[in-house]
């Protein structure tokens with residue numbers, strides 16, 4: 001169990017960030033995070049330290065949630081205020097909201113691959129394994145999603 005606590009501590013923030021990028025919903029992301037770690041522990045034991053497996057479980061858990069609720073990813077709501085400096089908070093929240101809103105305008109596959117890439121802890125090979133495509137295809141899709149997001153954000157700032 002000690003191994004799993006370390007695994008949880010090491011990967012929870014990045015997994016949460018990934019889920020936030022996909023959903024834009026703090027509470028849903030937190031629920032999916034907890035459910036993913038729980039499923040990983042229950043099905044694979046406390047000695048599992050496979051990050052790709054964890055992200056696959058999270059991705060599937062999120063898909064299960066949306067399938068059950070019969071809705072697609074929704075538009076981003078205002079993220080919670082996490083600091084005391086109001087001016088700084090407003091600037092960060094506005095930028096964060098714009099980026100999340102831009103990500104939400106990408107199609108589901110683009111959002112998913114870009115979110116996996118942005119966590120920074122997964123290689124293209126691991127991402128390819130998670131989404132079930134080739135490593136070369138991941139690189140192409142990441143590049144295209146970044147270009148599309150850049151275009152979306154450029155239009156918003158004009």
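The values are calculated or read from the model by the stated rules, or taken from the named source; none is laboratory data. Not measured: the values here are computed from a predicted model. For neighbour counting, all protein chains shown are included, and Cβ atoms are generated from backbone atoms with ideal geometry for every residue, glycine included.
From 63, 9, 52, 29, which residue is more than 15 Å from residue 127 (Cβ to Cβ) and touching a helix residue (DSSP H, G or I) at 6+ places or on another chain (Cβ under 6 Å)?
Details: 63 fails: touching a helix residue (DSSP H, G or I) at 6+ places or on another chain (Cβ under 6 Å); 9 fails: touching a helix residue (DSSP H, G or I) at 6+ places or on another chain (Cβ under 6 Å); 52 fails: more than 15 Å from residue 127 (Cβ to Cβ).
Selected residue: 29, the only one of 63, 9, 52, 29 that is more than 15 Å from residue 127 (Cβ to Cβ) and touching a helix residue (DSSP H, G or I) at 6+ places or on another chain (Cβ under 6 Å).
In this structure, residue 38 does not qualify as within 19 Å of residue 132 (Cβ to Cβ) and either in a helix (DSSP H, G or I) or in the same structural domain as residue 106 (by TED's automatic domain parsing) (or both).
Conditions tested, residue by residue: (1) assigned to a loop (DSSP other than H, G, I, E, B); (2) within 23 Å of residue 20 (Cβ to Cβ); (3) without any contact (Cβ under 8 Å) to a residue 12 or more places away in the chain.
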{"position": "121", "(1), (2), (3)": "yes, yes, no"}
{"position": "137", "(1), (2), (3)": "no, no, yes"}
{"position": "142", "(1), (2), (3)": "no, yes, no"}
{"position": "145", "(1), (2), (3)": "no, yes, no"}
{"position": "153", "(1), (2), (3)": "no, yes, no"}
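Per this entry, residue 72 is counted among residues that are at pLDDT below 85 and within 24 Å of residue 128 (Cα to Cα).
Within the range 123-158, the set of residues being surrounded by 14 or more Cβ atoms within 10 Å (Cβ to Cβ) and under 21 Å from residue 94 (Cα atoms) comprises 146, 148, 149, 152, 153. Annotation: residue 98 fulfils all but one of (1) farther than 29 Å from residue 9 by Cβ; (2) in a loop (DSSP other than H, G, I, E, B); (3) in contact with a helix residue (DSSP H, G or I) (Cβ under 9 Å, 6 or more places away or on another chain); (4) at pLDDT below 85; the unmet one is (2). When the range 1-29 is filtered for residues that are closer than 24 Å to residue 107 by Cα, surrounded by 15 or more Cβ atoms within 10 Å (Cβ to Cβ) and without any contact (Cβ under 8 Å) to a residue 40 or more places away in the chain, the ones remaining, listed by number, are 16, 28, 29.
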